[in-house]
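For reference, the structure discussed in these notes is given below.
The values are calculated or read from the model by the stated rules, or taken from the named source; none is laboratory data. Only a predicted model underlies this, so the values are computations on that prediction, with no experimental measurement involved. FYI the Cβ positions are ideal-geometry reconstructions off the backbone, even for glycines, and counts take in every protein chain you see. Keep in mind that these areas ignore ligands, DNA and RNA; they rest on the heavy atoms of the full protein, side chains included. Shrake-Rupley method; radii C 1.70, N 1.55, O 1.52, S 1.80 Å.
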Amino acid sequence: MDVIGAKPVLADAARRPLDAGERVLADSVAQGLVRFDASGQVEPGVAERWTVINNGTGYIFRLREARWGDGRAVSSAEVAAALRHQLARGTRNPLAPFLSAVAEVIEMTPEVLEVRLSRPRPDLLKLFAAPELAVVGPRRAGGTGPFRVVSTGGGALLLRPAVDPASQGDDAARPAPGDEVRLSGEPAARAVARFVAHRSDLVLGGNLSHWPLVAMSGAAPGAVRVDPAAGLMGLAIVSRAGFLADAGNRDALASIFDRAAIARMLGGVAEAETLAPDQLDSAAPPTVPGWTAMPLDQRRAAMRRLVAAWQATSPGPLTLRVALTAGPGATQLWGLVAADLIEVGITPERVAPDAPAELRLVDEVAPYDSARWYLATACRVCSPEAQAALEAAREAPTPASRSDALATADRAVAADAPFIPLTRPLRWSLVSPALTGWQPNARAWHPLNRLRGGTT
């Protein structure tokens, strides 16, 4: 099985964001308190069960009998320490900003720990299920499964299901050879070629950058699987100088793109005109821009007038730099975005992902279903009013007040126009018919121990 990217290692999400292969490996050998199943729903991980207490401001987790990769028994103190490490001040874990309600993680007994919250968070379990919160033991002890690494030869990791301590050596409980997984990290073109040559049963980690390779590969149509991924795919407006200093101009810019053409290029993913796809946990549906009621040609005509008026008082053409990732899919996206900008009199310039730019591609799957994630992710640069509204939503003391605050924040962010939604994210896999357990889901997440349709 191949993941697009470098050879996976068990990395520390508190030090840097994990890449696709590292996320797969973390989930496979160092699951969290809970984890996602094949359908993207929460299931037990290190914790065998949990209870919500104190009106949603506390979670008590009872750990299952488990051992670290070095064979030592797992204790709640070690699990609590691992979680505190990921959420400590200065962490680079990308989920930490959405877990600010976690006040304490404490061990109650060797088998029980409690997570105390400063305010209720019904979405806590989905965040704890993410690979970024996989629990790794101290002093290179590794994780608790469901797999363990048994070989690292040939540029790949051989993973074998961890033996359940409760089996007490019963041979009937030991994993069969067919349950082993050889996991490799490969460049996209090589991963696709290996699959088509029947040298791999699975390719994970596909996104818009690699999408054209699928059509070129000749892979069987039935092998190409696309997730109904929830999240954001669009352009963050990261500079507010010149033309983009005005919120009306930013809103008008968002109106000019041919989303239908972009969606077709990405295999028919859903178009996006709002930030969040649904109401989610907000008290109101997502704010719909006023320009959606106008035909595309009228929106572009209005934008041309704005650009002409700005250029009448400014030297030189209006140029916007667009920061995009590498890859043939990003190049195809660039062709469509650049054509739309040229159509309204703007000179586009493509730059590298980390280069100075006015517009920067955001292509992220939502880790949980909250309007706050969409609003905060869109606000790479936002007005003080929008930021204050988001902060009020973060600190809301009850679910009802949080829903009201999120609706207020959504309106504030929409008025500020910091983001240009284009489509929902494209996430694809190549899947062998033998892997009957693969299921499409909104998290675009496919645990290796669920791919054969059974339970490991």
Radius of gyration and maximum dimension Dmax of the stretch 1-42, Cα, Å: 10.9, 29
Place a point 7 Å from the Cα of residue 42 in the direction of its beta carbon; the residues of the stretch 368-400 whose amide N falls under 13 Å from it are 368-370
Note on the stretch 87-170: the mean projected area of its alpha-carbon convex hull, in nm², is 8.4 nm²
R0 = 30 Å: FRET efficiency of residue 15 with residue 326, Cβ-based, nearest 0.05? 0.80
Give the peptides 232-241, 415-424 in descending order of average Cβ contacts within 10 Å, highest first. 415-424, 232-241
Those GluC sites (Glu not before Pro) in the stretch 2-100 that DSSP places in a loop and that have at most 13 other beta carbons within 10 Å: 65
Cβ-Cβ cut-off under 13 Å around residue 28, Lys and Arg +1, Asp and Glu -1: the net charge is +2
For residue 247 and residue 65, FRET efficiency with R0 = 60 Å and r from the beta-carbon atoms, rounded to 0.05? 0.60
Could you work out what % of the accessible surface of the chain is carbon and sulfur, using a 1.4 angstrom probe and leaving DNA, RNA and ligands out of the count? 53 percent
Rolling a 1.4 Å sphere over the protein heavy atoms, what is the accessible area per residue of the stretch 243-283, to the nearest Å²? 36 Å²
Between the Cα axis of helix 76-87 and the main Cα principal axis of the chain, the angle (0 to 90°, nearest 10) is 20 degrees
Separation in nanometres of the label points that stand 7 Å from Cα toward Cβ, at residue 400 and residue 158: 6.0 nm
Expressed in nanometres to one decimal, the distance between label points 7 Å along Cα→Cβ at residue 151 and residue 87 is 4.0 nm
Once fully extended, how much extra length lies between residue 434 and residue 288, figured as 0.36 nm per residue of separation less the alpha-carbon to alpha-carbon distance? 48.2 nm
If you stretched the chain out fully between residue 112 and residue 311, how much longer would it get, using 0.36 nm times the residue separation minus the C-alpha to C-alpha distance? 65.1 nm
Report, to the nearest 10°, how far helix 399-416 tilts away from the longest principal axis of the Cα atoms in the chain, using its own Cα long axis and a range of 0 to 90°. 40 degrees
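Give me the 1.4 Å probe accessible area per residue for the stretch 315-371, excluding ligands and nucleic acids, in Å².
In whole numbers, the stretch 315-371 has 40 Å² accessible per residue.
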State, in angstrom, two size descriptors of the stretch 242-367 derived from its alpha carbons: Rg to one decimal place and Dmax to the nearest whole number. 15.5, 46
So how compact is the stretch 330-434: Cα radius of gyration and Dmax in angstrom? 17.5, 53
How much mean residue ellipticity at 222 nm does the chain get from its helices, if each DSSP H run of length 4 or more adds -39500 (n - 2.57) and you divide by all residues, to the nearest 500 deg cm²/dmol? -8500 deg cm²/dmol
If you average over every viewing direction, what projected area does the convex hull of the Cα atoms of the chain give, in nm²? 22.3 nm²
Rounded to the nearest 0.05, what FRET efficiency is calculated for residue 198 and residue 297 with R0 set to 56 Å and r the Cβ-Cβ distance? 0.70
